[in-house]
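The values are calculated or read from the model by the stated rules, or taken from the named source; none is laboratory data. Note that the structure is a prediction, hence the values are computed from the model and not measured. Heads up, the Cβs are rebuilt from the backbone with ideal geometry, glycines too, and the neighbour counts pull from every protein chain shown. Please note that ligands, DNA and RNA were not included when accessible areas were found on the heavy atoms of the full protein model with its side chains. Shrake-Rupley method; radii C 1.70, N 1.55, O 1.52, S 1.80 Å.
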Amino acid sequence: MEGQFPEHAKLHNTYTGHAVVGIMVDRLGAPLDFMVLKFTEKSFADEAMHVMQHSDFSPVSIKGLDVPGRLEVTSKFDLKYAIRLFCLILEQS
């Protein structure tokens with residue numbers, strides 16, 4: 001699932017930011033728990049959490065064995081980059 005740039009951030013003239021989400025996974029890679037660890041703007045944290053809760057994960061492997069573990073995923077948000085990417089896609093059509 002791909003995230004969206006939060007409207008709240010745009011309304012408050014915030015054009016870049018990030019959020020870090022910690023995820024506990026079982027030995028099969030199924031997520032057990034999510035926690036926002038850091039963020040620059042709460043709307044970035046909310047969007048990152050939403051995306052992580054609808055994502056699939058691989059198990060953590062140690063010496064070839066799948067084990068429960070903790071992942072940290074950083075989501076970066078950049079409105080200017082998103083607009084540039086959108087324009088590039090339109091030009092290719």
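What the table shows:
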| read-out | value |
| --- | --- |
| Residues being under 15 Å from the mean Cα position of the chain (by Cα) and open to solvent by 10 Å² or more (accessible area, probe 1.4 Å) - total across segment 23-32 | 2 |
| Qualifying residues in segment 35-45 (those that are surrounded by 15 or more Cβ atoms within 10 Å (Cβ to Cβ) and of a type outside the set (V, I, T)) - the one farthest from the chain's Cα centre (by Cα) | E41 |
| Subset of segment 30-49 that is assigned to a helix (DSSP H, G or I) and in contact with a strand residue (DSSP E or B) (Cβ under 7 Å, 6 or more places away or on another chain) - its residue that is farthest from E72 (Cα to Cα) | F44 |
| Every residue from segment 46-75 that is more than 29 Å from H8 (Cα to Cα) and in contact (Cβ under 8 Å) with a residue 24 or more places away in the chain | S58, P59, V60, D66, V67, P68, G69, R70 |
| Some residue of segment 52-61 being open to solvent by 60 Å² or more (accessible area, probe 1.4 Å), farther than 18 Å from E2 by Cα and at pLDDT below 95 | yes |
| Leading residue by the ranking (nearest to K76 (Cα to Cα)) among those in segment 1-29 that are out of contact with any strand residue (DSSP E or B) (no Cβ under 6 Å at 6 or more places or on another chain) and of a type in the set (A, V, I, L, M) | A9 |
| Those residues of segment 18-29 which are over 11 Å from V67 (Cα atoms) and not in a strand (DSSP E or B), in sequence order | none |
| Check on D66, loosely packed, with under 13 Cβ neighbours inside 10 Å, among the acidic types (D, E) and not in a helix (DSSP H, G or I) | no |
| Segment 31-45 residues that are closer than 11 Å to A19 by Cα, paired with ones that are charged (D, E, K, R) and not in a helix (DSSP H, G or I) (beta carbon under 7 Å, 6 or more apart) | L37/E72 |
| Hits in segment 1-17 - residues which are assigned to a loop (DSSP other than H, G, I, E, B) and either open to solvent by less than 30 Å² (accessible area, probe 1.4 Å) or in contact with a Leu (Cβ under 6 Å, 6 or more places away or on another chain) (or both) | F5, P6, Y15 |
